[in-house]
Amino acid sequence: MAEPQTLTTPDGVPLKRALARAQARARRRAFLLVAPLLLFVIVTFLVPIGQMLHRSVYNDSFAANMPRLTAWFATTEPDTPPDDAAWEALALDLRAAAEARTVGVVGTRVNYDLPGTRSLFTATGRKARSFQAPWREALLAADADWADPMLWSTMRQAARSYSPNFFLAALDLTRDARGAIVAVPQDRQVYVALFQRTFTLAALITVLCVLLGFPVAHLLATLPLRWSNLLMILVLLPFWTSLLVRTTSWIVLLQGQGVINNSLVATGLLADDGRLSLIYNQTGTIIAMTHVLLPFTILPLYSVMRPIPPSYVRAARSLGATSWTAFRRVYLPQTLPGIGAGALLVFILAVGYYITPALVGGASGQLISNLIAFHMTDSLNWSLAAALAAILLGLVLILYWLYDRLVGIDNLKLG
Amino acid sequence: MKRLLILSTALGALALPAVAQPQITVMGWGGAYTNSQVQAYHKPFTARTGVSVISVDADNPATPIKAQVEAGNVSVDVASVEIADAVRLCDEGLVIPIDASTLPPAPDGTPAPQDFIEGTLSDCMIPTDVFATAIAYDTTKFPNGAPATIADFFDTAKFPGKRGIKKGAKTTLEMALMADGVPASEVYALLETREGQDRAFAKLDTIKADAVFWEAGAQPPQLLADGEVVMTMAWNGRIFNAAVAEGKPFAIMWDGQVFEWEGWVIPKGAPNPEAAMEFVKFSTSTEPLSDAAEWISYGPPRKSSAPLVGTFKGDGKTEMAPHLPTSPENLTNALPSSLDFWADRDTELNERFNAWLAAN
C-alpha cells in the first residue's frame with residue numbers, strides 16, 4: 001500500500017512546515033510592530049500598578065530598621081512573652097534607630113496597626129542613648145506601655161514584611177492581642193462607609209448622566225446636520241475645557257453668595273438667610289461631577305443613535321404602536337449599546353474621581369479616592385493607599401464582569 | 001545647514017553659563033506669607049550673593065518634603081515648616097541637622113543660640129517667625145456686638161453663620177477644648193487622654209453642620225471675603241494683610257488663639273546644600289527677620305530683631321507691634337502650641353480627625 005503522499009513545496013519542504021514557518025514569520029512581524037506599544041504599556045502601566053499592588057501587602061520599614069528584634073520574633077513562637085533577649089534586642093534596636101534617625105519610621109509603621117504608639121517610639125528613642133542593662137527595667141522606666149502584650153503582638157505582626165494587615169485596615173478591621181481579626185472602634189471606621197458612598201454616588205451620577213444625556217443625544221442625532229453641529233460644539237466645548245476651570249466655575253455658581261443663590265434671593269424666591277447649601281457637601285459633588293462627566297454619555301449615545309433609521313419608529317407607529325410603545329420596543333433597544341457604553345464609562349470614571357470632590361465636596365462629599373490621595377501625599381501610608389486602590393480596582397473588575405454577564409461586553413459601542 | 005549648526009552650538013555655549021548660575025529653590029506657604037519672605041529674604045539674598053532664589057508654594061511644605069525625600073527625588077533646597085513638623089521630619093531623618101551656633105550673632109555680639117527666644121531652637125530647624133492661629137471674623141456681619149471669646153466661635157445660636165475650620169487636628173482640637181471651658185494651661189494634659197480627645201471631637205460635632213473646611217492658608221481670608229463664612233480659624237498674618245493692606249472689614253479675636261513658630265529646614269539630599277545653608281544663615285540674621293515682620297504680622301524669633309520692627313511696609317504707617325502674636329496685650333488667653341505633643345501625636349490624631357470628617 002502506498003504511503004500517503006505528503007504535500008511539499010517545490011523545494012521539497014513539507015507544506016505543513018512551510019506554512020507554519022510563514023505563519024510564525026507573520027506573527028513575529030506583527031509582534032515586532034506592536035512591541036513598542038507593548039513595552040510602553042508594560043513599563044508605564046503594568047509595572048507601576050504591579051508595584052502598587054505589591055506594596056499593599058509588603059512593608060519592610062520595621063524589619064529594615066529593627067533587625068535584632070525582627071530576628072527574635074523569627075526564632076520564637078507567636079504569643080511568647082518577651083524574655084531578656086527580646087528586651088535587649090528592643091533596647092539596642094531603638095538606640096540604633098534613634099542614632100540613624102529612623103525611629104520615627106518604625107513608630108509610624110507600628111502606629112498603622114496600633115494607633116497611639118508612634119509617640120511611644122519617638123519619645124523612648126530620645127532617651128535610648130542612656131539605656132543600660134537591665135534592659136527591661138530601663139525600657140519600662142522610660143514608658144510603662146512597653147509591657148503591653150498588645151504592643152508586642154502588633155510588633156510581631158509588623159516585623160513580617162509581607163502581611164495582609166493593610167487590606168484589613170482598608171476594610172476597617174484590625175487584629176486583637178491574640179492576632180484574631182476584629183472590627184476597629186466605631187470612631188475610626190471610615191473606609192467601608194466611604195466605599196459605599198463612592199459606589200452609591202457614582203451610580204446616582206451615572207443615572208443622572210444617562211437621564212440628562214439621552215434627550216440631548218437624541219436631539220443631536222435627529223436634527224438637521226447644520227443645527228446638530230452647532231449643538232455638538234456646545235457639548236464639546238466644555239469637554240475640551242480644563243477640568244479645574246469647570247470645577248471652579250461651579251464654585252462661583254453654587255456658593256452661598258454665588259450666582260444661583262444671589263439670583264434666587266434677588267427674584268424673591270429665597271429669603272436672604274435661607275440661601276441653599278449647594279456646595280461643600282454631597283450636592284456640590286453630584287452637580288459638578290454630573291456636569292463634568294455628561295459628555296461621556298452623550299458622545300457614545302449620539303454615535304449609536306445617528307445611524308438608527310427613523311423609518312423603524314415610523315413603521316412601528318404605522319403598525320399601530322403608541323409613541324411610548326414604539327420608543328420602548330423599537331427605539332430604546334437599538335440605543336442600548338450606547339447606554340451601556342456611556343453608563344459604564346461614567347461609572348468607572350466617577351468611582352475613581354478625585355479632584356472635583358476634593359474641591360467642591362466639603363466633608364460629606366468626599367469619595368474613597370480622596371482618602372487614597374490623602375494616604376499617598378499626606379500621611380504617606382503608601383501601603384494602605386495601595387490596599388484601598390486594589391480593593392477599588394477589584395470591585396470595578398467585579399462590576400465589569402457582572403456587566404459582561406448581564407449585558408455582554410460585545411454589546412458595547414463607544415463610537 | 002553647517003552654519004546653522006555652528007550658530008546653534010555657539011548659542012548653546014552662550015546659554016550655558018546662565019544655566020550654571022547658582023540658584024536655590026525655597027518652598028513656602030504661598031500668599032502674603034511667601035511675599036513677606038521674598039521681600040525680606042529672597043531679594044536681599046540674591047542682591048548680596050548673586051544666588052537666585054526660586055520660590056515655590058505648598059499648602060504645608062512638610063508634606064511634599066517627606067514625599068520627595070522618601071521617593072529619592074528632592075527638588076527643594078530650603079522649606080518653611082511648623083516646628084512640630086520639623087521635629088517629626090528630624091526624627092525620621094528626612095531633614096538635616098543645623099547647628100545654631102554657626103548662625104551669625106546679634107549686632108551687639110550676643111551669640112545666636114542666646115539671641116533666639118528660649119525654646120524656639122531645635123536640632124533641624126532655624127525659626128523665622130512666631131505666628132498665631134486665631135479666630136477672625138467679618139465685622140459687618142455682627143452689627144449687634146462682635147464675638148469676643150473662643151466659645152462664641154462654637155456658639156451658632158448666638159452668632160449664626162458658617163464657620164471656617166482648618167482641615168487638620170492640630171490647633172482645631174485645642175480650640176475646641178478651650179471653647180468647652182478648659183483653661184489654656186490644662187489643654188494638653190487633657191488632650192493626652194482618651195476622654196479629652198472625645199470631648200474635643202464632641203465639641204467639634206456641635207458646629208460640624210456649619211463648617212467649611214480649608215487647607216491652604218490663603219483660603220480663610222478668601223472665604224470671609226466671599227461671604228462663604230462669617231467666622232474662621234486663620235493665621236493672623238493673612239488676616240492682617242487682608243484687613244490692613246486690602247482694606248477688608250476683618251478683625252482678629254485675640255482670645256483662645258494658639259501660637260507657635262515656624263522656620264527653615266533643609267531636606268536630606270537637597271540639590272544645593274551649601275547655598276541652602278548660606279540662605280538660612282542670612283535670612284535668620286537680625287535684620288532680615290525684623291524686615292519680614294514689617295511685611296506680615298508674624299513676630300521675629302530673635303530678641304535683637306524685636307526693637308527694629310517698625311511700620312507695615314504695605315502702607316508705611318500702621319505700627320506692627322500691636323498686631324504681632326508676641327505682643328503682650330494679645331496674650332491674655334493664648335496657648336503656646338505644644339511641640340512635644342504634636343511631634344508625637346500628629347499622625348494618630350489626624351487619622352481620627354479624618355474618620356470624624358468622613359463620618360456622616
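To the nearest 20 debye, what charge dipole does the stretch A:61-188 have about its Cα centre, counting +1 at the Cβ of each Lys and Arg and -1 at the Cβ of each Asp and Glu? Please list the in-between numbers first.
Working: 14 positive and 15 negative charges, 94 e Å.
I would put it at about 460 debye.
Using the structure shown, select from B:Lys43/B:Lys313; B:Lys170/B:Lys313; B:Lys170/B:Lys281; B:Lys167/B:Lys303; B:Lys158/B:Lys317 the pairs with a Cα to Cα distance greater than 25 angstrom.
B:Lys170/B:Lys313; B:Lys170/B:Lys281; B:Lys167/B:Lys303; B:Lys158/B:Lys317
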Quick check on the stretch A:191-406: take the gyration tensor over C-alpha atoms, sort the square-rooted eigenvalues as a ≥ b ≥ c, and tell me if it's rounded (a/c under 1.5), prolate or oblate. oblate
Row for chain B, column shape: gyration tensor on C-alpha, a ≥ b ≥ c, rounded if a/c < 1.5 i.e. under 1.5, prolate if a/b over b/c, else oblate; value prolate
Just tell me which aspartates and glutamates come within less than 18 Å, Cα to Cα, of B:Lys203; anything on the same chain fewer than 8 places away is out. A:Asp187, B:Asp152, B:Asp155, B:Glu174, B:Asp180, B:Glu186, B:Glu192, B:Glu195, B:Asp255, B:Glu351
Counting only Cβ distances under 4.7 Å between cysteines, those in the protein assembly as shown with no partner are A:Cys209
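What does the C-alpha gyration tensor say about the overall shape of the protein assembly as shown? Classify as rounded when a/c is under 1.5, otherwise prolate if a/b is larger than b/c, or oblate.
Prolate is the answer for the protein assembly as shown, as a/c is 1.5 or above and a/b outweighs b/c.
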If you place +1 on the Cβ of every Lys and Arg, -1 on the Cβ of every Asp and Glu, and leave all else neutral, what size is the dipole of the stretch A:191-406 about its Cα centre, to the nearest 20 Debye? 840 debye
Give a residue-ordered list of calculated ³J(HN,Hα) values for the stretch A:164-170 (Karplus: 6.51 cos²θ - 1.76 cosθ + 1.60, θ = phi - 60°; whole Hz; x for Gly, Pro). x, 5, 6, 5, 4, 4, 5
Taking amide hydrogens as modeled 1.01 Å from N in the peptide plane, which residues meet the under 5 Å criterion relative to B:Glu262, leaving out close sequence neighbours? B:Thr128, B:Asp129, B:Phe131
Centre separation in Å (Cα based) which lies between the stretch B:167-192 and the stretch A:381-398: 35 Å
Within 10 Å of each Cβ in A:356-369, the average number of Cβ atoms from other chains: 2
Within the stretch B:21-95, chymotrypsin sites (Phe, Trp or Tyr not before Pro) in DSSP loop having at most 14 other beta-carbon neighbours inside 10 Å: none
Once every DSSP H run of n ≥ 4 in chain B is given -39500 (n - 2.57) and the sum is divided by its residues, what mean residue ellipticity at 222 nm do you get, rounded to the nearest 500 deg cm²/dmol? -11000 deg cm²/dmol
As a footprinting exposure proxy, order B:Thr63, A:Thr198, A:Thr267 by other Cβ within 10 Å, with the fewest listed first. A:Thr267, B:Thr63, A:Thr198
The stretch B:232-244 - phi-based ³J(HN,Hα) in whole Hz, Karplus 6.51/-1.76/1.60, Gly and Pro as x: 8, 5, 7, 7, 4, x, 5, 5, 4, 5, 5, 6, 7
Treat the count of other C-beta atoms within 10 Å as a stand-in for reagent exposure and order A:Tyr403, A:Tyr302 from fewest to most. A:Tyr403, A:Tyr302
Of A:Gln132, A:Pro82, A:Leu393, whose Cα points farthest to the positive end of the dipole of the protein assembly as shown (charges on the beta-carbon: +1 Lys, Arg; -1 Asp, Glu; origin at the Cα centre)? A:Leu393
For the stretch A:98-113 and the stretch B:52-102, what is the separation of their Cα centres, given in Å? 18 Å
With DSSP loop assignment and no more than 14 other C-beta atoms within 10 Å, the trypsin sites (Lys or Arg not before Pro) in the stretch B:61-162 are B:Lys158
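Fewest to most neighbouring Cβ within 10 Å: what's the order for A:Cys209, B:Cys90?
Result, fewest neighbours first: B:Cys90, A:Cys209.
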GluC sites (Glu not before Pro) restricted to DSSP loop in the stretch B:108-188 with at most 13 other C-beta within 10 Å: B:Glu118
Could you work out how far the C-alpha centroid of the stretch A:262-283 sits from that of the stretch A:298-343, in angstrom? 39 Å
Derived scalar couplings ³J(HN,Hα) [the stretch B:76-90; Karplus, 6.51 cos²θ - 1.76 cosθ + 1.60; whole Hz; x for Gly, Pro]: 9, 8, 9, 9, 9, 9, 6, 4, 5, 5, 4, 5, 4, 4, 5
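Taking the Cα centre of chain A as origin, work out the dipole magnitude from +1 charges on Lys and Arg Cβ and -1 charges on Asp and Glu Cβ, in debye rounded to 20.
2060 debye
Laboratory data are not the source of any read-out in this text; all were calculated from the coordinates shown. The structure displayed is predicted, hence computed values, not measured ones. So basically every Cβ, Gly included, is an ideal-geometry build from the backbone, and we count neighbours across all protein chains shown.
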